[in-house]
Number of protein chains: 2
Amino acid sequence: MKSVLEPFFDQVISVKWGPERESVDILDETLLPGKAERIQIRDRAAMVEAIQKLRVRGAPAIGIFAAFGLAVLSRSYPEEKAAFFRKLEEDQKVLSAARPTAVNLSWALERMVRAARAVEEKPAAAVREALFAEAEAIQREDVSICRGIGENGFAILEKIRKKQGEKPLGILTHCNAGTLATSKYGTATAPMYVAIENGWKPEAMHVYCDETRPLLQGARLTSYELSRAGIPTSVQCDDMASLLMQSGKIQVIFVGCDRVADNGDAANKIGTSGLAILAKYYGIPFYVCAPTPTIDRKTKTGADIPIEMRNAEEIKSLWYREPMVPEGVDTSFNPAFDVTDHSLITGILTERGICQAPYGEAFSALGID
Amino acid sequence: MKSVLEPFFDQVISVKWGPERESVDILDETLLPGKAERIQIRDRAAMVEAIQKLRVRGAPAIGIFAAFGLAVLSRSYPEEKAAFFRKLEEDQKVLSAARPTAVNLSWALERMVRAARAVEEKPAAAVREALFAEAEAIQREDVSICRGIGENGFAILEKIRKKQGEKPLGILTHCNAGTLATSKYGTATAPMYVAIENGWKPEAMHVYCDETRPLLQGARLTSYELSRAGIPTSVQCDDMASLLMQSGKIQVIFVGCDRVADNGDAANKIGTSGLAILAKYYGIPFYVCAPTPTIDRKTKTGADIPIEMRNAEEIKSLWYREPMVPEGVDTSFNPAFDVTDHSLITGILTERGICQAPYGEAFSALGID
């Protein structure tokens with residue numbers, strides 16, 4: 001059955017094939033919200049540039065993009081197999097290095113090479129076909145995982161709505177863990193999109209997007225996709241979250257995550273841990289939406305998750321007409337992520353079910369290892 | 001005895017006399033941090049514009065500016081007394097209306113008119129002189145109140161430093177409650193400036209300024225004045241405060257306030273209440289710096305303090321090259337302030353002493369009524 005959101009997903013999808021699968025077609029997220037421009041990328045240098053400049057972003061979307069990219073690049077590989085695989089592995093290496101911190105990137109590329117190796121005895125055309133098929137499989141799995149998260153999140157929305165009655169249900173989110181960061185449903189946005197597929201009127205919800213400094217993913221991207229899906233949406237500055245919660249406008253919080261440790265500590269966009277502390281103080285349920293592959297049981301606690309520090313310029317002048325911080329003032333504390341303590345998390349939403357503390361046991365019960 | 005900071009105060013002072021006291025000389029804060037430009041204002045329309053466009057800002061500074069302005073305007077009043085006072089009261093009314101929410105503005109102007117009335121029998125020249133003297137008295141009192149707050153705050157810094165040892169003492173602040181919002185010491189910055197006057201090396205401190213969206217007073221103004229005073233300073237985005245506190249970099253938090261209720265609830269720049277909740281969670285002392293005139297015992301609790309909502313455009317595009325929120329997305333939740341519950345406040349720092357819960361009794365003990 002086709003989703004009522006199909007036209008929306010088609011419009012906003014971050015990564016798809018270009019015509020005849022001769023290129024990768026992406027929505028250039030650096031131009032949003034001003035311009036919604038799709039670009040077709042067919043050579044390796046442009047692929048690396050797109051990842052580094054954040055034209056394509058969000059861990060799952062980056063993985064899918066690289067997989068699509070490698071398939072496209074394989075079109076020009078020689079028919080001779082040893083040479084074919086030399087090129088393949090060279091491209092894998094270069095694309096993997098484009099943004100070394102995003103685990104999905106290297107994971108997707110390794111998976112692509114494995115898929116090619118599995119049929120290495122066959123003619124080049126067949127190996128190429130295997131690469132195209134594997135890229136599509138990676139994307140299909142992302143859609144299915146995100147939809148699973150959405151179904152479990154939708155059950156939560158249904159419960160809250162029963163208490164809430166006719167009033168629109170206020171949902172707070174941070175950064176962008178939506179269609180623009182994945183393929184269709186997103187992670188933190190999946191409960192809302194699945195609600196629409198299940199017949200909720202968009203007006204039954206109101207989604208409050210933290211603008212999410214310094215890169216403004218909430219202001220520029222999350223509000224963009226939600227409003228295109230017809231869901232009533234507001235953007236507020238990050239320092240307004242406390243008053244927003246205090247004012248009774250927020251019934252539930254959904255955020256994405258980059259890595260979850262065995263004890264349930266969750267790394268996500270900078271600002272998430274503060275939001276969780278506020279939610280606890282105001283008694284608002286706080287859910288982390290996590291595809292099971294982001295649950296890393298080998299990482300014991302959040303203290304073992306490294307925090308990427310980004311360029312000081314992002315705080316100082318990015319997006320601004322002129323520098324907004326005086327010359328010489330330090331802005332080097334620019335962490336991309338923080339870790340939310342498991343004690344602050346109401347539940348971790350996966351495609352297999354909702355996990356609650358003690359998290360290690362809950363993960364095992366769902367067969368996550 | 002002259003303060004070692006006198007050259008700094010002279011450079012950064014928000015409001016002073018122009019040459020021959022024929023104008024008011026202000027540092028145009030809309031141009032900071034890019035340009036430090038002083039402008040001389042001599043007519044009423046320009047005074048109103050300077051207040052409305054936030055060229056001069058911060059409740060105490062606005063009051064002082066209006067008082068200086070009214071004195072300057074009185075130069076052109078007729079010698080005939082009835083006409084003199086008609087002009088005086090007309091200007092009082094127009095200036096008062098420039099920003100109706102800032103209590104200091106109307107308070108300072110009323111005080112000016114009372115000072116003139118007190119000598120209304122004397123020749124116009126003497127009344128004019130009384131206006132100039134009153135304006136200077138208002139500024140002098142601001143300096144003295146802020147210095148008092150600074151002395152009490154310095155005692156706190158000394159105590160923390162004993163525990164901290166040689167490591168620089170990390171101080172977090174929000175918005176600008178500094179020289180640029182007052183005359184010299186500021187309120188939240190006063191402890192740091194008084195520490196310098198008492199021989200602390202600037203390197204003994206490190207002040208972390210929240211950038212303070214949407215108007216960026218922390219990024220643009222607080223870091224500007226602190227770095228000019230030689231104090232090591234960083235700017236971080238508002239959503240980084242939780243990780244900053246968690247990382248052990250912050251030993252104490254000082255914020256200003258706009259109004260304190262009888263029970264100690266304190267209204268201040270949006271974001272302050274969230275910071276206080278984080279501070280409580282991480283066990284970091286959180287002080288509100290309050291000149292006694294901002295303690296309003298007739299307001300019983302924070303729930304009785306009205307919250308000013310500002311223009312949605314401030315979130316959407318102000319300071320930005322292009323709109324950073326999509327067309328049609330709501331940004332109307334733009335509160336200028338929030339209220340911090342008294343249970344989250346370690347102490348309220350006034351020029352008369354440090355108040356602690358129960359606040360009503362503490363205020364009475366210091367003779368604040």
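The values are calculated or read from the model by the stated rules, or taken from the named source; none is laboratory data. Owing to the predicted nature of the structure, the values given are computational and were not obtained by experimental measurement. No Cβ is skipped: glycine too gets one built from the backbone with ideal geometry, and neighbour counts run over all protein chains shown. Heads up: the accessible areas ignore ligands, DNA and RNA and are worked out on the full protein's heavy atoms, side chains in. Shrake-Rupley method; radii C 1.70, N 1.55, O 1.52, S 1.80 Å.
Table for the structure above
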| quantity | calculated |
| --- | --- |
| Test: residue A:64 is among the β-branched types (Val, Ile, Thr), assigned to a helix (DSSP H, G or I) and either within 14 Å of chain B (Cβ to nearest Cβ) or touching a strand residue (DSSP E or B) at 6+ places or on another chain (Cβ under 6 Å) (or both) | yes |
| Looking only at region A:303-325, and only at residues there that are out of contact with any helix residue (DSSP H, G or I) (no Cβ under 7 Å at 6 or more places or on another chain) and at the interface with chain B (Cβ under 7 Å from one of its Cβ atoms), the one that is modelled with the highest pLDDT | A:315 |
| Filter result (among the small types (Gly, Ala, Ser), touching a residue at least 60 places away in the same chain (Cβ under 8 Å) and under 19 Å from residue A:350 (Cα atoms)) within region A:129-154 | A:144, A:148, A:153 |
| Residue match in region A:264-271 (condition: β-branched (Val, Ile, Thr), assigned to a helix (DSSP H, G or I) and within 25 Å of residue B:175 (Cβ to Cβ)) | no |
| Residues of region A:240-263 classified as assigned to a loop (DSSP other than H, G, I, E, B), surrounded by fewer than 24 Cβ atoms within 10 Å (Cβ to Cβ), of a type outside the set (D, E, K, R) and touching a strand residue (DSSP E or B) at 6+ places or on another chain (Cβ under 6 Å), total | 2 |
| Region A:17-53: number of residues that are within 20 Å of residue A:229 (Cα to Cα), in contact with a Leu (Cβ under 9 Å, 6 or more places away or on another chain) and not in a loop (DSSP other than H, G, I, E, B) | 2 |
| Boolean, residue B:156 is at pLDDT 95 or above and in contact with a helix residue (DSSP H, G or I) (Cβ under 8 Å, 6 or more places away or on another chain) | yes |
| Selection status of residue A:281, farther than 30 Å from residue A:6 by Cα, of a type in the set (Ser, Thr, Tyr) and either within 8 Å of another protein chain (Cβ to nearest Cβ) or open to solvent by less than 10 Å² (accessible area, probe 1.4 Å) (or both) | yes |
| Answer residue from region B:326-356, given it is modelled with pLDDT of 95 or more and in a loop (DSSP other than H, G, I, E, B) and is nearest to the other protein chains (Cβ to nearest Cβ) among those | B:346 |
| Yes/no for residue B:186 being open to solvent by less than 10 Å² (accessible area, probe 1.4 Å), within 23 Å of residue B:31 (Cβ to Cβ), more than 14 Å from chain A (Cβ to nearest Cβ) and touching a Ser or Thr at 6+ places or on another chain (Cβ under 7 Å) | yes |
| Verdict on residue B:207 being buried (at least 24 other Cβ atoms within 10 Å of the Cβ), assigned to a helix (DSSP H, G or I) and among the aliphatic types (A, V, I, L, M) | no |
| Residue count, region B:217-239 (criterion: facing chain A (nearest Cβ under 7 Å), small (Gly, Ala, Ser) and open to solvent by 10 Å² or more (accessible area, probe 1.4 Å)) | 1 |
| Filter result (part of a helix (DSSP H, G or I) and modelled with pLDDT under 95) within region A:67-97 | A:96 |
| Unique match (being at pLDDT 95 or above, surrounded by 17 or more Cβ atoms within 10 Å (Cβ to Cβ) and assigned to a helix (DSSP H, G or I)) among A:114, A:128 | A:128 |
| Residues located in region B:19-35, provided they are within 22 Å of the chain's Cα centre (by Cα) and either without any contact (Cβ under 8 Å) to a residue 60 or more places away in the chain or under 20 Å from residue B:66 (Cβ atoms) (or both) | B:24, B:25, B:26, B:27, B:28, B:29, B:30, B:31, B:34, B:35 |
| Any pair with Cβ under 6 angstrom, 6 or more apart, that starts in region B:158-185 at a residue that is more than 21 Å from residue B:279 (Cα to Cα) and ends at one that is basic (Lys, Arg) | B:185/B:147 |
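Let's see how each residue does on (1) open to solvent by 40 Å² or more (accessible area, probe 1.4 Å); (2) touching a strand residue (DSSP E or B) at 6+ places or on another chain (Cβ under 9 Å):
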| site | (1), (2) |
| --- | --- |
| A:50 | no, yes |
| A:60 | no, no |
| A:77 | no, no |
| A:86 | yes, no |
| A:99 | yes, no |
